[in-house]
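The values are calculated or read from the model by the stated rules, or taken from the named source; none is laboratory data. Everything quoted here is computed from the prediction, not taken from an experiment. With ideal geometry, Cβ positions are generated from the backbone for all residues, glycine too; neighbour counts draw on all protein chains shown.
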Amino acid sequence: MDTTSSTPPNRGTWSSKIGFVMAAAGSAVGLGNIWKFPYTAGENGGGAFVSIYLLFVIVIGFSVMLTEFAVGRKTGLSAVGAFKTTDRRWTFVGILGVLSGLLIMGFYPVVGGWAIAYIYKVSTGLLSQPDAIGDSFSGFIANPLQPLFWMGLYLFFNILVVMRGVSGGIEKAGKVLMPLLFIILIIVSIKGLMLPGAMAGLEFLFKPDFSKIDSSVVLAALGQAFFSLSLGMGCMLTYGSYLRKQENLVQTTAMVTAMDTSVALLAGIAMFPAMFAFGMEPSAGPGLVFVVVPQLFAEMGEIGLVLAILFFIGLSVAALTSSVSLLEVVVAYLIDEKGFSRITAVLTASGVMALLCILASLSIGGFGPTLFHTGAFDIFDLLTDKIFLAIGGMLVCLFAGWRLDRSELKKEITNDGKVSFPLFNVWYMLIKYIIPVAIAIVAIAGVKAGFDSNKGEIMILGLIIIGLCGIFSKKL
Ligand code: PFF
């Protein structure tokens with residue numbers, strides 16, 4: 001079934017509830033959970049970050065996802081169309097979403113490429129020299145050429161899937177490999193927890209030291225919540241547009257949020273105890289999953305090799321089910337708004353993404369242009385994760401709270417009164433007032449703090465871009 005393209009006539013609907021939950025969870029669960037969450041938690045002080053992250057997921061993430069599903073199902077349209085048909089002045093929110101999709105796809109496939117490369121590397125003897133695993137990773141990602149090959153391969157898989165509509169193969173692969181990845185993460189966690197000194201890792205992850213909280217930690221937690229749940233760029237909104245009228249939106253939102261968050265926490269449990277046991281720094285950065293996990297597998301002998309290969313296959317597929325949803329947001333825009341054919345839309349979008357990815361990949365080794373002393377990889381990450389997604393989420397809430405009709409929303413969420421949602425008023429207050437204000441405060445404080453670490457300029461640039469989207473959206 002074509003799950004995300006947005007041609008209104010004959011739009012498919014999800015044939016089964018579980019199909020929808022799996023597809024939305026497929027978008028949510030990805031590199032954000034297994035690669036980004038652990039190292040971001042490590043860089044932001046562990047427990048304190050994790051507790052704020054959980055609070056944001058439950059209060060803000062849940063509410064925004066419900067809003068996106070409701071707006072999507074109500075309008076039956078994808079990111080740009082949903083806003084445009086309701087009120088042209090809001091079109092820019094959809095455009096901002098498309099831009100976010102493009103920019104996230106400017107670095108996501110680079111890391112997706114690393115994951116595929118690790119299937120090959122693990123199969124060809126990486127684990128036989130455990131001491132060299134760390135150096136091998138840093139050497140690999142800093143190499144100007146090697147990662148480009150894997151990134152290209154990864155992008156090619158995306159193109160194949162999206163070209164035919166999100167269908168058959170990837171959904172089936174996801175259904176088998178996601179539970180498998182979950183099980184492997186559990187095995188890795190148990191192995192890690194059995195190492196001497198492992199408890200310090202759990203403590204780091206779950207015991208909050210609130211003195212470590214500052215506004216940049218809070219902004220990082222907010223960004224992580226949005227990124228991980230695929231919110232703030234119209235992706236879940238588009239998915240919601242395919243949801244059948246009788247489905248329970250609240251329950252679905254709860255399931256997707258719970259699945260996504262448990263994978264992230266499990267990835268943390270799989271990595272931190274082992275890291276502490278190995279005497280590594282929690283702030284080791286983006287290489288965490290590619291260094292710690294292979295080291296753990298290396299300790300397990302033969303079975304470790306098999307599990308490691310399966311782990312990186314699972315990680316690649318998890319990444320793929322997320323990035324196809326990102327690519328699709330851009331493709332749907334080109335088809336619906338610009339009249340492109342699907343093939344042209346996919347090739348155009350992925351062509352631009354490939355160029356961005358080349359810049360991002362090169363920037364890791366210190367090659368290529370920089371802006372405010374920041375390389376392309378970090379620029380794309382900063383703009384989307386720290387600014388666009390959170391502001392996009394804020395705008396979706398404002399749109400639903402101030403532009404849509406309260407009783408219509410209630411009808412949508414409760415399926416015309418058939419489903420009970422006792423917290424409707426709380427949710428409504430949250431999206432209308434509390435979440436927008438909270439996001440504004442966190443964003444402003446985060447941008448201010450960003451100046452201390454040379455990130456402020458890039459964040460200001462992000463805000464300017466949002467303004468420009470607002471001004472020029474009518475032309476787009
Ligand atoms: N949620 C995905 C992950 O955690 O890897 C990334 C992502 C997908 C972000 C789709 C945003 C999006 F619209």
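Report, by residue number, each residue of the stretch 253-284 that is more than 18 Å from the chain's Cα centre (by Cα) and either closer than 19 Å to Leu423 by Cα or modelled with pLDDT under 90 (or both). It would help to see each step written out before you state the result.
Of the stretch 253-284, the ones more than 18 Å from the chain's Cα centre (by Cα) are 269-284.
Within the stretch 253-284, Phe278, Gly279, Met280, Glu281, Pro282, Ser283, Ala284 meet the criteria.
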So which pairs qualify, if the first residue must be in the stretch 380-399 and more than 11 Å from Gly232 (Cβ to Cβ), the second must be of a type in the set (Phe, Trp, Tyr) and buried (at least 23 other Cβ atoms within 10 Å of the Cβ), the Cβ gap must be under 8 Å, and the two must be at least 6 apart or on different chains?
Phe380/Phe107; Asp381/Phe107; Phe399/Phe83
Which number in (1) touching a Ser or Thr at 6+ places or on another chain (Cβ under 6 Å); (2) surrounded by 24 or more Cβ atoms within 10 Å (Cβ to Cβ) marks the one condition that Gly76 misses?
(2)
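Residues Ala115, Ala79: which one is modelled with pLDDT under 95 and under 30 Å from Gly375 (Cα atoms)? Working first, answer last.
Working: Ala115 fails: modelled with pLDDT under 95.
Answer to the check: Ala79.
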If I ask for residues that are more than 22 Å from Phe20 (Cβ to Cβ) and either among the charged types (D, E, K, R) or part of a loop (DSSP other than H, G, I, E, B) (or both), which ones from the stretch 70-125 would you list?
Lys84, Asp87, Arg88, Arg89, Met105, Gly106, Phe107, Lys121, Thr124, Gly125
Please indicate, with yes or no, whether at least one residue in the stretch 213-222 is within 16 Å of the ligand (Cβ to nearest atom), in contact with a helix residue (DSSP H, G or I) (Cβ under 9 Å, 6 or more places away or on another chain), among the small types (Gly, Ala, Ser) and in a helix (DSSP H, G or I).
yes
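Gly470 - would you say it is surrounded by fewer than 22 Cβ atoms within 10 Å (Cβ to Cβ) and free of Cβ contacts under 8 Å to residues at least 24 places away in the same chain?
no
Out of the stretch 236-252, which residues are out of contact with any Leu (no Cβ under 7 Å at 6 or more places or on another chain) and of a type outside the set (Lys, Arg)? Before the answer, list the steps.
Residues of the stretch 236-252 that are out of contact with any Leu (no Cβ under 7 Å at 6 or more places or on another chain), as a first pass: 236-240, 242-248, 251-252.
Across the stretch 236-252, the qualifying residues are Met236, Leu237, Thr238, Tyr239, Gly240, Tyr242, Leu243, Gln246, Glu247, Asn248, Gln251, Thr252.
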Kindly check whether there is at least one residue in the stretch 344-358 that is within 23 Å of Gly456 (Cα to Cα), surrounded by 15 or more Cβ atoms within 10 Å (Cβ to Cβ) and touching a strand residue (DSSP E or B) at 6+ places or on another chain (Cβ under 9 Å).
no
